[in-house]
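Below is one structure, written out as structure tokens; comments come after it.
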Amino acid sequence: MPDKPKIALYWCSSCGGCEESVIDLSEGLLELAERADIVFWPVALDSRLKDLEALDDGEIDLSLINGAIRLREQARMAQLLRRKSKVIFAHGTCAHLGGIVGLGNFHTVQEILERSFRDVPTVRNLGGILPGGSVEGSERGPKLSPLIDKVMALDQVIDVDCFIPGCPPPPELVGKAVWSVLEGKLPEKGFVFGDGKALCHTCPLLESKPEIIRVKRFKRVHETDWDPGKCFLPQGIICLGPATRGGCGSRCIQANMPCRGCFGPLETMEDHGAGMLSFIASMIDADHEDEIRRITASIPDPGGLFYRYSLPHSILGGGKGTET
Amino acid sequence: MTRRIVIDPITRLEGHGKIEIRLDSEGQVDRAFFQIPDFKGFEKFCEGRAAEEMPTLTQKICGVCPTAHHIASVKALDALFRVEPTAAAKIIRELMHTAFIYEDHLLHFFYLGGPDLLVGSNDKGFGKNIFGVIGKLGGKIGKKVIEIRKRVRGLNALISGSPLYPVCGLPGGVSKPVSEKERAGIKEIAGDALAFARLCLNIFEEEVLSNREYVDLMHSEAFSLQTYYMGMVDRKNHVSFYDGEVRIVGPDGGLFEQFGAGDYLHHLEERVDTWSYMKTPYLKSIGYHGLCDGKGSGLYRVGPLARLNAAEGMATPLAQQEYERMFDACGGKPVHNTLVYHWARLIEVLFAAERMSEIACHDQLTDPGIRNIPTQTPQEGVGICEAPRGTLIHHYETDENAILKRLNLLVATQNNAGAISLSVEKAARAFIKRGRVSDEILNRIEMAYRAYDPCMACATH
């Protein structure tokens, strides 16, 4: 009997949601363990780094890596897994586009560290020390991997074969991606699992979406009531559905809330935020510059909203030429 | 000459971690470090964002306990906008939070920490993991675990959009009502969840409490710390997950402090170490006096055992019976042995199931009035709830346009930081003698942190 295919699952700077999307395969996880050898999966199995290092190059058939690259050590782990694996899938939005962690690219590493370790009101840190620093005369602890200058998506660090979008991806999509490899049907390089079209095409509110949408003011969800049976956009509530890849099952819409774009941009779109901004621009119902300014001012934090999941992979986001 | 033993990565927990144990020339443990090599910076990059986005943004701190962040965040927004949620909204939020704690605790017992107890230490036939647990308990139980988690998570998808990440929370309410038809489904799931919770306690009785080796460990000094304990309680001082005051008891079990959400800054502080991204909180009135336990140390613990120690009882009848049984078996309150966290967690599973059943019958669950729209100018708000792994605090300050100026997040596992480090060091000292280590010994040391069900993504947000 031939050896079972080998699979590894790893996380970089992640929240663990992508791991849940594997555990939520439910009975499918048992089937996966039957069909493949899971050789490395720290959340669930007791394997060590040395076990991974001991494998031959290319010995792992498929590695699923989730999380963004925030620490130098995470870049090294991604590189190690690339060497050991025939196929790498970027699993989830952080690995695909940089994700929420990528919002850190609005700031320098120093600003980020200082806020959490010196400035928040519960911290008592008279010496102003930061993790990774040293304190004269005190015990030296284990070496700590530093943060890299900019958060990066996985394909900004290693070569990636395919992408599973979503924060986190629905378990069904993870299953589909994994089975594609186990069944010898690996898609072409660069393939993004999920729909080819925008979320709007499968949205349960599609019928109420007008051809042309014009608004005089954008409304914020906490200050307004809306009709849950109708498209958010003509009601003045920003929904990222028109610029976002479908395939999530409209899970936010099912809870009467608008899309925030976790599946990333459409295939035809280079930059998710710019794509959504151009759609929003088409909605502005104004003839004069002052009015345009007034309407756009009703969108709070456009940078954080339109680039919520994709800043490292955007024209704004940096992440290239960074020390790893 | 000293020797270093490194466990990298530590496993069966949420997030990254390493343990470095330093031995002296005699091969005895000199120091053990529990290091978390990950950091994201939510407290910085959430600045400038719109307040109403916080429940869906901050929950990305943790994909394992997103619902707890969603709840703490939306409660912080209630306080920020000074808006009282409707009765229906409160009960819907409590239902989703309780259902989430139920399934998350089961994740720990069957997938993460529980395998240490359920798959015997000398059992070479199966690994200490979910597959080993199914091998030991049988496919029928394994399928039941998978099925009940799936159904309870399905319940949360119905209420909140997705169990992976809920989106329904708004200041003053929720975005979606519950229908009478849905209530019938919720009742059925809650009933089955209760039956399964009782089965879990039977499994614990048969597989763990009847195992002399584990019972000895549960009474051993190697896993014991005499610390303060913190948890949220209701008006009767019973364990409460969704709302109430935060209560702290001392190592002797006596009440130390009790406070409401808005006062947390008077009671808690945190320190920074150079060798880890995890900060270590401590009780402000006592201060930090190093990694040590006892009445003079400001270290405290949170999570299931801490909640049961801090409270005066459980709010539902079956959980109360099990609560009394546990403390009787362990020699009274408070219980200091870390491995008893596993037992306390299952009692909370039972409580969660009973509470879900109560809520499923609550008149206001299906009330269509799910929102009060804020009318006040926002300024500052603190929201607290109990996450599965302990007390969770979100604190926001905004400008008058509800744009975040500052955040402070004290996240469940983080409260246990000092105690986890101390537990690991104590276990290392107890089990490593004359430099001799084995996989079994290293796993025993790992059992010291796993019992807490730590979430390092939360702890280093």
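The values are calculated or read from the model by the stated rules, or taken from the named source; none is laboratory data. Predicted model only: the values in this text are computed from it and were never measured. Backbone-built Cβ (ideal geometry, glycine too); neighbour counts: all protein chains shown.
Points to keep in mind about this one:
- For residue A:174, the conditions (1) within 14 Å of chain B (Cβ to nearest Cβ); (2) within 26 Å of the chain's Cα centre (by Cα); (3) in a loop (DSSP other than H, G, I, E, B) are fulfilled apart from (3).
- Residue list for the range B:404-428, filter: under 13 Å from residue B:452 (Cβ atoms) and not aliphatic (A, V, I, L, M): B:413, B:414, B:415, B:416, B:418, B:421, B:423
- Check on residue A:140, modelled with pLDDT under 95, out of contact with any Pro (no Cβ under 8 Å at 6 or more places or on another chain) and among the basic types (Lys, Arg): yes
- Residue, nearest to the other protein chains (Cβ to nearest Cβ), within the range B:252-274, restricted to residues that are crowded, with 21+ Cβ neighbours inside 10 Å and not in a strand (DSSP E or B): B:272
- Of the listed requirements (1) more than 29 Å from residue B:98 (Cβ to Cβ); (2) touching an Asp or Glu at 6+ places or on another chain (Cβ under 6 Å), residue B:380 misses just one: (1).
Condition check ((1) touching a Lys or Arg at 6+ places or on another chain (Cβ under 8 Å); (2) of a type outside the set (A, V, I, L, M); (3) surrounded by 20 or more Cβ atoms within 10 Å (Cβ to Cβ); (4) part of a helix (DSSP H, G or I)) across all residues:
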residue: B:295; (1), (2), (3), (4): no, yes, no, no
residue: B:306; (1), (2), (3), (4): no, no, yes, yes
residue: B:322; (1), (2), (3), (4): no, yes, yes, yes
residue: B:328; (1), (2), (3), (4): no, yes, no, yes
residue: B:348; (1), (2), (3), (4): yes, yes, yes, yes
residue: B:352; (1), (2), (3), (4): no, no, yes, yes
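- Any chance residue A:3 is surrounded by fewer than 21 Cβ atoms within 10 Å (Cβ to Cβ) and at pLDDT below 95: yes
- Screening the candidates B:81, B:109 for the property of being modelled with pLDDT of 95 or more and either under 17 Å from residue A:43 (Cα atoms) or touching a Cys at 6+ places or on another chain (Cβ under 8 Å) (or both) yields one hit, B:109.
- Residues (of a type in the set (A, V, I, L, M, F, W, C) and more than 14 Å from chain A (Cβ to nearest Cβ)) located in the range B:96-117: B:99, B:101, B:117
- Matching residues, the range A:196-218, being under 26 Å from the mean Cα position of the chain (by Cα) and surrounded by fewer than 18 Cβ atoms within 10 Å (Cβ to Cβ): A:196, A:197, A:201, A:202, A:204, A:206
- Residues (part of a helix (DSSP H, G or I), within 14 Å of chain B (Cβ to nearest Cβ) and among the small types (Gly, Ala, Ser)) located in the range A:201-244: A:241
- The range A:245-304, residues that are in contact (Cβ under 8 Å) with a residue 40 or more places away in the chain, within 11 Å of chain B (Cβ to nearest Cβ) and assigned to a loop (DSSP other than H, G, I, E, B): A:248, A:249, A:250, A:259, A:260, A:262, A:298, A:299, A:300
- Within the range A:103-129, the set of residues being touching a helix residue (DSSP H, G or I) at 6+ places or on another chain (Cβ under 6 Å), more than 7 Å from every other protein chain (Cβ to nearest Cβ) and either surrounded by 15 or more Cβ atoms within 10 Å (Cβ to Cβ) or polar (S, T, N, Q) (or both) comprises A:105 only.
- Apart from one condition, residue B:392 fits all of (1) surrounded by fewer than 17 Cβ atoms within 10 Å (Cβ to Cβ); (2) outside any loop (DSSP other than H, G, I, E, B); (3) within 14 Å of chain A (Cβ to nearest Cβ); the exception is (1).
- Single match in B:86, B:67 (criterion: under 30 Å from residue B:180 (Cα atoms), surrounded by fewer than 23 Cβ atoms within 10 Å (Cβ to Cβ) and more than 8 Å from every other protein chain (Cβ to nearest Cβ)): B:86
- Test: residue B:448 is part of a helix (DSSP H, G or I), away from every other protein chain (no Cβ under 14 Å), surrounded by fewer than 24 Cβ atoms within 10 Å (Cβ to Cβ) and among the aliphatic types (A, V, I, L, M): no
- When we screen B:89, B:72 for residues that are touching a Cys at 6+ places or on another chain (Cβ under 8 Å) and farther than 25 Å from residue A:72 by Cβ, the only hit is B:72.
- Qualifying residue in the range B:46-61 (condition: at the interface with chain A (Cβ under 7 Å from one of its Cβ atoms) and in a loop (DSSP other than H, G, I, E, B)): yes
- Meeting the requirement of 3 or more residues that are over 24 Å from residue A:49 (Cβ atoms) and not charged (D, E, K, R), the helices (runs of 4 or more DSSP H) wholly within the range A:60-165 are A:93-97, A:109-114.
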